Amino acid sequence: MTGALRLTLVSHAMTDAMSAGRFPADEPLNELGRRQVEAVRLTRALKLRGEVRQLAAPEHRAQQTAQFLGLRPAPEPRLADLDCGSWRGQTLDDLGNEQLKPWLTNPAAAPHRGESVLELRTRVAGWLAAVESADDPTQTVAVTHPAVVRAAILLALDAPPESFWRIDVAPVSRTVLHFRGPGWTLRL
C-alpha cells in the first residue's frame, strides 16, 4: 500500500450491562446509548469522503451503534469483544477481588475460561495486519468495543500488555490511527 492509511475506531454506545458494571452478553444499546449516538453524529465528524471501508464487530451493540451513526458496516469477527466466558452477565461485585485480581494484573490470565488480554491483543494484531495489507480504501471506520480499541492502542504504541486496563475508552469515542510504512501511529 502506498500513502497513509487512516483507521478510525469507534467505541459502541452505552448498554445496560455497562451502566450496571456487568460483564456483557449480546445486549442492545440502552436509552442513554441511543441518546449518546444522537448527540455525537459521528458520520459528519468522521469526514467520510470517497471510498471508505465500513466495518463493525458482530455483537448487537456495535452493529446498532454503527447503524445509528448512518454507517452500513460489514461484520468483522476479529473486532468482537473480549470473550469473558463464564463471567457473562455477572457484576464485578458478584465476583469480588479474589477472582478479578489475576485477570486485572496478568494479561495471560483467563480465569473466566474465555479470552485473555494477550489472546485479544494477538487477534487485534492479526486484524491490523490485514488492514495494512488490504488493497481497499485508504480510509476505514470500524465500530467496535473498548477492549478492542485498548488492544489497538497498545499495539500502535508498542506498549506492554500490562497497560491494557490503564486506558479508558468512553462510549461513542473515536480513536484515530494512521499507518505509514513500518507501523501505526496514534492521533489524538
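The values are calculated or read from the model by the stated rules, or taken from the named source; none is laboratory data. Computed from a predicted structure; not experimentally measured. For neighbour counting, all protein chains shown are included, and Cβ atoms are generated from backbone atoms with ideal geometry for every residue, glycine included. Keep in mind that these areas ignore ligands, DNA and RNA; they rest on the heavy atoms of the full protein, side chains included. Shrake-Rupley method; radii C 1.70, N 1.55, O 1.52, S 1.80 Å.
Looking only at residues of region 7-31 that are open to solvent by 60 Å² or more (accessible area, probe 1.4 Å) and in contact (Cβ under 8 Å) with a residue 24 or more places away in the chain, we find that the one that is nearest to L95 (Cα to Cα) is R22.
Quick check on region 86-112: of everything there that is surrounded by fewer than 15 Cβ atoms within 10 Å (Cβ to Cβ) and of a type in the set (D, E, K, R), which residue is farthest from the chain's Cα centre (by Cα)? This residue is E98. Contact map, region 54-75: residues that are among the acidic types (D, E) paired with residues that are assigned to a loop (DSSP other than H, G, I, E, B), Cβ distance under 7 Å, separation 6+ or inter-chain. Pairs shown: E59/D26; E59/A80; E59/D81.
Given the structure, is V131 surrounded by 14 or more Cβ atoms within 10 Å (Cβ to Cβ) and modelled with pLDDT of 95 or more? Here the answer is no, as V131 does not meet what is asked.
Results for (1) closer than 19 Å to H12 by Cβ; (2) among the small types (G, A, S); (3) exposed (fewer than 15 other Cβ atoms within 10 Å of the Cβ), shown as yes or no for each residue.
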{"position": "L69", "(1), (2), (3)": "yes, no, no"}
{"position": "P75", "(1), (2), (3)": "yes, no, yes"}
{"position": "L79", "(1), (2), (3)": "yes, no, no"}
{"position": "G114", "(1), (2), (3)": "yes, yes, no"}
{"position": "A147", "(1), (2), (3)": "yes, yes, no"}
{"position": "I153", "(1), (2), (3)": "yes, no, no"}
{"position": "I167", "(1), (2), (3)": "yes, no, no"}
{"position": "W184", "(1), (2), (3)": "no, no, no"}
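All but one of (1) among the small types (G, A, S); (2) more than 19 Å from the chain's Cα centre (by Cα); (3) outside any loop (DSSP other than H, G, I, E, B) hold for G33, so report the exception by its number. Here G33 meets the rest and fails (2). Number of residues in region 67-104 that are of a type in the set (A, V, I, L, M), modelled with pLDDT under 95 and over 14 Å from F23 (Cβ atoms): the value is 2.
Cβ separations smaller than 9 Å between residues 6+ apart or across chains give the following pairs from region 96-122 residues that are more than 12 Å from G85 (Cα to Cα) to residues that are hydroxyl-bearing (S, T, Y) and open to solvent by less than 80 Å² (accessible area, probe 1.4 Å): W103/S116; N106/S116; P107/S116; A108/S116; A109/S116.
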